[in-house]
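Just so it is clear, none of the values below were taken in a lab; they were calculated from the coordinates. As the structure is a prediction and not an experimental result, all values here were calculated from the model. No Cβ is skipped: glycine too gets one built from the backbone with ideal geometry, and neighbour counts run over all protein chains shown.
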Amino acid sequence: MLSKLKTNAAVEVSSRVNNLSGDRSLLARTYLCTFLLAACVVTSAQAEEGTSYANSQDFQLHGFISQGLIDVNGSDFVNDDGGLSAELTEIGLNASYQLTNKFRLAAQVVYLDGGNRYSQGARVDYALLDWSAYTNESWQANVYFGRFKNNHWLYSSSRDIPFARPSIILPQSVYFDGFRDIAVGSDGIAAKLSHSTDEYGNFDWQLSYGSSPISDEQTKNILSEYAQGTAEQDYDAQASIYWQPAFSSWRFGLSLLDASFTYDQGGVGSGDVFFDSDFTFQFYTMNAIYAGEKWEFSGEIYQQRFTIDGFYSPDFQLDNIGQGFYLQSRYKLTQQLTLLARYEDFYLNKEDKDGKKLQQITGGDIPYYFAFHKDITLGVNYDITSNFSMRMEYHWVKGAGRLTPVVVPNAIINNTEDWQMWAVQLMYWF
Amino acid sequence: MLACLVTPQVAAIEVVTHPQVTERSLTKSQLRRIYTMRQLRWSDNQAITVFVLPSQHALHQRFAKERLQIFPYQLNRIWHKLTYSGLGVAPTVVKSEQELIQAVSNTPGAIGYIGEATLIKLSQSFNDSSSQQPLNMDDGQKVSGKGVLNVVKIKD
C-alpha cells in the first residue's frame, strides 16, 4: 500500500511530461503550505496555553520549508535549457506519536521540485512503526517496520533535509539525486542497536532489508527516456556500523549495500527497444568525521559494483567497478557563519578512469567524460535564527558521470566535460 | 543565605528535574547520554522528557559546552537526525527559561537546565512568600515547598 502511495503521489503530481503539471504543482504546493501554516498555528497555540507539556514528547509535529534559485551552465542537471531556475523547492512535514511505552508511529511527507534531479511531487519519505525492543542505561534496541529511511551512509538520513545536510547539492557520486527515491529508504524491516560505554564510547549497528517502488518516470530517468517497460527493485539489503570513541570529536563508519533490480519490457508487442534484464548494485563505504569547535572535517571513500545482464540485447553483459571519495571541511567563522569546501572524485569503471574505452566501445556515441564525475564546491551558510538559515554555493564540475538518464546518457545536451552551477537557498524549519 | 544556594564547585548552570524523579545526582556521561537521546529512561523505568532552549540561546550554548562538553551544532545534528528520519524523538524546545521551568515542573520525568540567577530568583520568591526554612541545594532538594523542581548534582 505504501509503495503505491509513493509511486502514485510522484506520478500524479509529476512533472513536465504533461502540460497540466504547472497548475497541479502549484495546487500541491498551496495545499502543503496551508497544512504547514495550520501546523505552525496549532503548535504555537499549544505552547501559549502552557498548561500541559505532559504529552509534548508523545506527539510531535515538525516540518521544514525551503526555496532556492539554481543556475547550471553546461549540463542538464536541473533543466534542459540551462536557464536560471526556481526548481529548488523542498517542503516536509512529519509527525511522531508514542502509542505505548514500547511502540511509536512516525511518518514524513515531502514535496520536492528539483527539475531533472528527481520526480517533482509529493512522496512519503518514511511511515513506520518503531518497536523499542530493549532499553537500559547503556543499550537501546529498536526495530522499525514499514517504510524506513536509509540511515547507513554519512548523510543518507539528512540528504533530503535542507538545513541538516552540509550543502544544497550533496556529493553526487554517493547521494545521486537520480537514485534519490530508491536510495532514501525502503519498505521492509530495519533494526538498530546502540551501545554507550564510558570506556569505549558509542556504537551503532544497523541492518535493513526491503525494496523501493520505481515509478515509470524514475525508470526513464535511470535507464533511458525511450524505455517503455517497467523496472522493479527485488531487494535492498544494507548493514552499517558507527563508532565514536568516548568523549572524542571523531566518529568512524562502515556500510555495505547489496541490491538487485529487474527490467521487464512488457511483451514483444510493447514496441520497446530494450530487452528484459537483471541489474545488480553493490556499494561499500568507509567514512570518518571530525567535529571540533571551529573546524569540521568529513570524508567518505567508496567502491561500487554495477552489473547488467540483458537490456541492450538478450546476451549483453556488463560488470563495472567504480570508485570514489570526497573530502569536506567546514569552518565556523562565527556562531552564525559557516564556510564549506569540498572535493569529490569518482569514476564508474576503475579499468577506464579517463573514459577512453567507453568512447571507443560506443563508437563515440557516449563521450569519454561520461565515465567520471569530479566536483569542487565552495559554500557559505548563515544561520539567521535558530530555525532560519540561508545558504549559497558554487560548484565546478568535471564530467557527466552523475547526470540522468544513467544507462543511456544524453550526450546531445551534455556536450561538454566542464560545467558549473551556483545555488542559493532559504530554509525554515520547526 | 545566597552563598549556600550555590556551592563553589557548581557552575552557573543548574540541571533540574521534575520533583518526582528519584535521581539526586547524575554523572557527566549520564547527562550526555540523556541529552544525546542515548538514555531514554530513569532508573525506575520512567520515560525521560528532555527540555531545551533554542539552539542560539546564550544559556543553551553554555550548557552544551560547559555541562555536556558537546558543541551546540553537534547536538542539533543528533536531534535533527532523530526528528527528520523517524528514528526517534528529539528534546522539546521551549522559548524562555521561564517556560522551561514551567515545563519541567509540570512534566513527570522531565529534565532541563536553568541559569543560576534564575534559580536564585526562584528560591528568593519562595523564601519571601513562606517560612524561614533554609534551602540546602547540596541535597538536591526542592526549590519551593510545593515541589516545583529538583536540582540535580552533576558528578565527574
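What the table below lists for this structure:
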| item | result |
| --- | --- |
| Calculated [θ] (222 nm, deg cm²/dmol) that DSSP helices of n ≥ 4 give over chain A, each run adding -39,500 (n - 2.57) | -4000 deg cm²/dmol |
| Candidate lysines for bridging to residue B:155, where Cα separation is under 24 Å - those fewer than 8 sequence places away on the same chain excluded | B:28, B:65, B:142 |
| Set of aspartates and glutamates near residue A:374 by C-alpha distance (under 19 Å), chain-local residues within fewer than 8 positions excluded | A:71, A:76, A:177, A:300, A:344, A:345, A:351, A:352, A:354, A:393, A:417, A:418 |
| Cross-link reach list, lysines versus residue A:220, counting only Cα pairs under 20 Å and skipping chain neighbours closer than eight places | A:4, A:6 |
| FRET efficiency estimate (nearest 0.05) - Cβ-Cβ, residue A:378 to residue A:58, R0 35 angstrom | 0.20 |
| Rg and Dmax [Cα atoms of segment B:1-126; Å; Rg one decimal, Dmax integer] | 14.3, 49 |
| Estimated vicinal HN-Hα couplings, Hz - segment A:65-80 in sequence order (Karplus 6.51, -1.76, 1.60; Gly, Pro = x) | 9, 8, 9, x, 10, 9, 10, 10, 10, x, 7, 9, 3, 10, 9, 7 |
| Phi-based couplings in Hz for segment A:192-197 (Karplus 6.51, -1.76, 1.60; Gly and Pro marked x) | 9, 10, 10, 9, 10, 10 |
| Local electrostatic count at residue A:354 - Lys and Arg +1, Asp and Glu -1, tallied over other residues with Cβ under 14 Å | +2 |
| Additional length obtainable on full extension of the chain from residue A:318 to residue A:275, 0.36 nm per residue less Cα span | 14.0 nm |
| Gaussian network model of chain A, springs between alpha carbon atoms under 10 Å - residue of A:230, A:338, A:100 with greatest fluctuation | A:100 |
| Between segment A:306-327 and segment A:396-430, the alpha-carbon center distance in angstrom | 21 |
| P(r) histogram, all alpha-carbon pairs of chain A included - 20 Å bins from 0, percent | 24, 60, 16, 0 |
| Ascending count of other beta-carbon atoms within 10 Å, so fewest first, for A:385, A:377, A:334 | A:334, A:385, A:377 |
| Within chain A: Cβ-based charge dipole about Cα centre, in debye rounded to nearest 20 (Lys, Arg +1; Asp, Glu -1) | 800 |
| Extent along principal axes [Cα atoms of segment A:75-140; Å; largest to smallest] | 56, 23, 13 |
| Among A:292, A:262, A:310 - extreme Cα towards positive end, dipole of segment A:186-321, charges at beta-carbon | A:292 |
| Shape box of segment A:157-196 [Cα atoms, principal axes, largest first, Å] | 32, 25, 17 |
| Segment A:380-430: relative contact order in percent, alpha carbon pairs under 8 Å with at least 6 residues between | 47 |
| Choice from A:374, A:220, A:332 with maximal GNM fluctuation in chain A (Cα, 10 Å cutoff) | A:332 |
| Mean projected area in nm² (Cα convex hull; one quarter of hull surface) for segment B:69-109 | 3.9 |
| Percent of alpha-carbon pairs separated by more than 14 Å within segment A:239-279 | 66 |
| Chain A: angle of helix A:21-49 to the longest principal axis, Cα-based, in degrees nearest 10 | 10 |
